[in-house]
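Structure first, commentary second.
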Amino acid sequence: MRMLGTFLLDPRDVPHVAVDYVAEQIGVADPSCIKLYPERAQTRWDHQGEIRELLEYREFAEAQDDLLTFLGSRVRNFRVSRRELFDRAVVWLIDNKVVLPGITVMERLVRDVRTDELDAINVVLTERTPVELRRELLETLEVPDGRRVSTLEWMRTTVTDVSGTGQGKALERVVAAAGVSQPEPARRLAGPRRLHLLPAGGPARSPATARRLRGRRRPMGRSARQADPAAGVAGASRQRLDRAWPEDGPGPASTGSGRGPGRRLQQVAANPAVTVKGGRLKLEALPLPDGYQAVHDAVQAMLPRIDYPELLLEVNGHTGYFEVMPHLSGSEARRPDLDISQAGVLVARSCNVGFVPVVKPGQPALTLSRLLGVEKGYFHHEDIAAASATLVTAQSDISIAVQDWGGGLVASADGLRFVVPVKSLHARPNPVYFGRGKRSRGSTWLAVVNDRVMAGSLVTNQVRAYDLLRMLSADGRLTGLGAAFAHYGRIFKSMHLLHVAHLEDYRRMMGAQLNIGEGRNGLARRVFIGNLGQLRQGYAKGMEDQLGALGLGLNAIIYWNSLYVDAAVKALQADGQLSIGPEIRARLTPLIWEHINFHGSYPFTRPETPGNLRPLRDATAEDDEQV
């Protein structure tokens, strides 16, 4: 009823364990009566009708027209493969409580719908396309002399070379594709999103028409023509600074009189913690609280030693973050030992070591085929985001994180650089970070880290970078909106620098947040040890999924460390060994890793008592063990 697949004609082929379980659920005393089931062919259909009526499910035939409408809309508006369309159909049937048909029925239906919709688009385009354009399109299917592929395939070649020669060849293909006009009916037949995804879609008008339309813009109103957003924002900057720094504001007395940024700079100059050398602003380092180092060393010495896979499984026992990761198909069925398989994939991807060190042929949950299936089904952006959100929520139950590490409302964005040795359009050269050489290219992983050290990705997919850049610049120059943003940013940058230099509490907060970002990057480098720490995924989705797995692993480590740092502090306070005030607790960090083993054979063992903590080590005992 709810599982798609080939149905067993003989119920006696069902494993006896499943038969016993179902018999217990429905109150059948003698499970062996299942052998009488095939004697009457109509029995299975009668039972299916009773189950359907009880659960309020619909027959597939009743919902088939609605399903066809849904699938047709997907084909018209999105570029979807048959596999993706098949998965969408299964999810739709489950969500709408429809009895699932056999797998061959679904395969034929998806194939026919996709073929019919594409044929309909092609028929309309062919009928309404001018004869000259038809001739041009047919000529693109021919293989010219001196080439091994047709003109169409040549124009569809993906851009992989970012050098000048490669970009020149790409522009040649763009010019060739632009010479083939897109027929007008496409915009009315296909949705705007599908039209944008057409791989060979040229401009809606010919180049000659585009040249005639250059410079013709939609007339703006009088106020819009006269308004200069950059001038308006720049003119308000002084007022903004005056409001932010009133005459009776905090800090030392002014050495001059009057209002404006000049007076604020004089106040900063009178601050003994601020010096300017060589045109650079230097700030005196803030001292650590008395007794901090002793507490820090004691807490770190008390943390239990643990292997990375066991840490992931223990965190799952506390939070269940693996259980909230849905399967790509929408199925809620869970395989035995699925958490071990998920931990195996997370170790392989976050440590960048691949599956070979993780695979254990004698353990069904860690076979290569099982790990590959789990990765394809569970490790996608949405699944990783759901698991990370669970860890962030669970950290709110740890005392030291809530009471001493902030409210989770302060965040900073930081980037971690990775060398990308493979050929990729998403890698760029940068001698400062990636060295010099022909293949010295890399990518930057951007993440937002809150004051509790948990992080999330900056990628939201709400606006394309191309659209944003097009609004802010044109022909290499800033637009009015772009200039306004630039001036607005300078206002906040000036205010930020003045606060950092003038207010000690603000400077401490900024310093702590910067240390969190650097510490998290150091932990990421320690985890991402395989393949020389290089990112060897060529496509954007592969990069995002692997770095997403790294982010999930970091959040799991931070949660585990938070749990045991809190336990260690409470143990030290209970023994009265050290005085631990709020200032010291606020500076303890879960960004430590000396007690975690990221190398070796990777044992995958669940904790014996899920939900309980391991015993802490003795902080005063000598320990020569090297992790």
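The values are calculated or read from the model by the stated rules, or taken from the named source; none is laboratory data. Predicted, not measured: the structure shown is a model, and the values here were computed from it. Backbone-built Cβ (ideal geometry, glycine too); neighbour counts: all protein chains shown. Please note that ligands, DNA and RNA were not included when accessible areas were found on the heavy atoms of the full protein model with its side chains. Shrake-Rupley method; radii C 1.70, N 1.55, O 1.52, S 1.80 Å.
Quick notes on this structure:
- Area of residue 393 that stays accessible when all protein chains are in place (1.4 Å probe, Å², to 10): 90 Å²
- Ranked packing of 66-72, 583-589, 489-495, most packed first, by mean Cβ within 10 Å: 583-589, 66-72, 489-495
- With 28 Å as the limit, the listed pairs 97/376; 282/493; 35/376; 35/360; 169/541; 376/423 have 35/376; 35/360 beyond it between alpha carbons.
- For the range 480-555: rounded, prolate or oblate by the Cα gyration tensor [a/c cutoff 1.5]: oblate
- Accessible area per residue for the range 16-128, computed on protein heavy atoms with a 1.4 Å probe, is 66 Å².
- Per-peptide average of other Cβ atoms within 10 Å, ordering 81-87, 548-554, 287-293, 516-522 highest first: 548-554, 516-522, 81-87, 287-293
- Backbone N within the range 54-73 under 15 Å of label point (7 Å from residue 124 Cα along the Cβ vector): 72-73
- Overall form of the range 304-597: oblate. Here a/c, set by the Cα gyration tensor axes a ≥ b ≥ c, is 1.5 or more, and a/b is not larger than b/c.
- In Å, descending, principal axis extents of the Cα set of the range 1-112: 53, 25, 23
- Amide H contacts under 5 Å for residue 98, placed H, 5+ residues apart: 58
- Site pair residue 579 and residue 173 shows an inter-label distance of 7.0 nm when each label is modelled 7 Å from Cα along Cα→Cβ.
- Gyration tensor verdict on the range 337-440 (Cα atoms; rounded if a/c is under 1.5, prolate if a/b is larger than b/c, oblate otherwise): oblate
- FRET E, pair residue 293, residue 324, Förster distance 41 Å, beta-carbon r, rounded to 0.05: 0.55
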